[in-house]
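The values are calculated or read from the model by the stated rules, or taken from the named source; none is laboratory data. Since this is a predicted model, take the numbers as computed values, not measurements. Here the Cβ positions follow ideal geometry from the backbone for every residue, glycine too, while neighbour counts run over all protein chains shown. When the accessible area is computed, the model is the full protein with side chains, heavy atoms only, and any ligands, DNA or RNA have been set aside. Shrake-Rupley method; radii C 1.70, N 1.55, O 1.52, S 1.80 Å.
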Amino acid sequence: MQFSEARLPWEPIPSWVRFLIRCGSAFAQGSAKRRIGIISMPCESAGAGLLALGALRFRLTLADANDALTHFERIQRLASKRDCGIYLRHKKNRGRFLLEGRDENGIVWVRQEKPSRGKDDTKAGPVRIAVLENKAGEWRLEHEPPIETVRGTELRHREIYEEIAADANSPLLINLTRSDSAICLAGHVSGQSTSREKFANVRFRRNECVVDLSELLTVHAWSPATVSRIAFYNSRIRQLDRDTGFTSLLVADGHAAFLQALEFPRFKDTDVVGVIHRNIDRDSLESIGTKLAGLAQWYAADQPALDCLQPIPTGITVAVINRR
């Protein structure tokens with residue numbers, strides 16, 4: 001496997017590139033508490049894209065990493081919190097359905113809020129329905145839009161995904177055909193095209209196969225013909241490219257996208273990692289410092305996370321905090 005940036009000659013994949021891919025994989029594995037990280041690069045780079053690629057690569061190895069199952073598992077988690085007053089809506093059946101909980105067999109049950117009365121049965125009781133995994137897409141949480149599953153052809157370049165993290169588990173072939181939105185890439189605040197152009201300048205080559213980073217990331221707007229394994233948050237217009245269930249990790253391209261992600265209500269429980277460069281102006285650096293200082297009463301340094309990322313290449317600095 002070889003690497004090229006900005007059309008420079010091909011070379012073995014540099015240590016800083018391998019580090020960012022490994023770092024993305026580590027963050028994608030999650031933790032018991034919300035985690036916030038900053039990776040500081042010496043100059044402008046495609047670091048956020050490489051980090052997101054590492055996270056995507058890790059998700060390709062998981063049997064339950066797809067939109068349909070993630071949505072069902074979210075409903076299961078909510079159902080485990082009894083008496084939480086959460087309502088669901090069904091694609092076809094009208095009315096509100098109270099999420100009752102899970103029975104001794106682990107089945108999730110919902111109950112219609114108002115009795116369903118037939119023409120000849122005025123005493124009909126409330127409708128009680130089991131939420132099944134293969135039909136979870138027919139349900140949505142009240143006040144949330146339906147979950148969108150991105151359809152498309154199978155992802156290409158399986159060998160590239162395999163070799164960018166050769167020491168990790170192999171991607172599951174079934175995941176190359178299913179969409180996944182647990183990882184979100186927040187683009188640069190100057191616009192989606194800025195991030196895409198920057199990532200397109202990074203290329204990988206295996207034998208005769210050449211592919212750029214923007215294609216490997218599978219953002220739907222950049223590769224509309226294939227399934228998408230990553231959601232995209234447009235920081236300029238503050239909009240997600242699709243409605244998703246739960247975002248487990250957001251990778252922000254630049255300091256402004258990072259700060260914005262921390263304020264966006266949708267990501268209040270999401271792990272967030274910002275990739276910034278040290279050539280930004282002093283005011284911007286101070287805004288990051290001020291934000292992190294303001295989080296100090298709720299967050300503490302996550303030394304175990306830093307230890308797992310060692311060794312960190314020269315020129316890159318990493319800070320990680322997690323919720324107390």
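Across the chain the C-alpha pair distances fall into 10 Å bins from zero in the proportions 5, 25, 31, 22, 11, 4, 1, 0 percent. Hey, if you drop one equal point scatterer on each alpha-carbon of the range 157-298 and run the Debye formula without solvent, what base-10 log of I(q)/I(0) do you get at q = 0.10 Å⁻¹? With one equal scatterer per Cα and no solvent, log10 I(q)/I(0) is -0.39. Computing the accessible area with a 1.4 Å probe over protein heavy atoms, can you report the carbon and sulfur percentage for the chain? Accessible surface attributable to carbon and sulfur in the chain totals 49 percent. The charge dipole of the range 165-278, taken about its Cα centre with unit charges on the Cβ atoms of Lys, Arg (+1), Asp and Glu (-1) only, comes to about 180 debye. Qualifying trypsin sites (Lys or Arg not before Pro) in the range 1-107, where qualification requires a DSSP coil assignment and no more than 15 other C-beta atoms within 10 Å, comprise R7, K33, K81, R82, K91, K92, R94, R96.
Counting only protein heavy atoms and a 1.4 Å probe, the chain has 50 square angstrom of accessible area per residue. Dipole of the chain computed with +1 at Lys/Arg Cβ and -1 at Asp/Glu Cβ about the Cα centre; of G95, G47, I107, farthest Cα towards the positive end is G95.
Evaluated with a Cβ-only charge set (Lys, Arg +1; Asp, Glu -1), the range 224-268 carries a dipole of roughly 60 debye about its Cα centre, given to the nearest 20.
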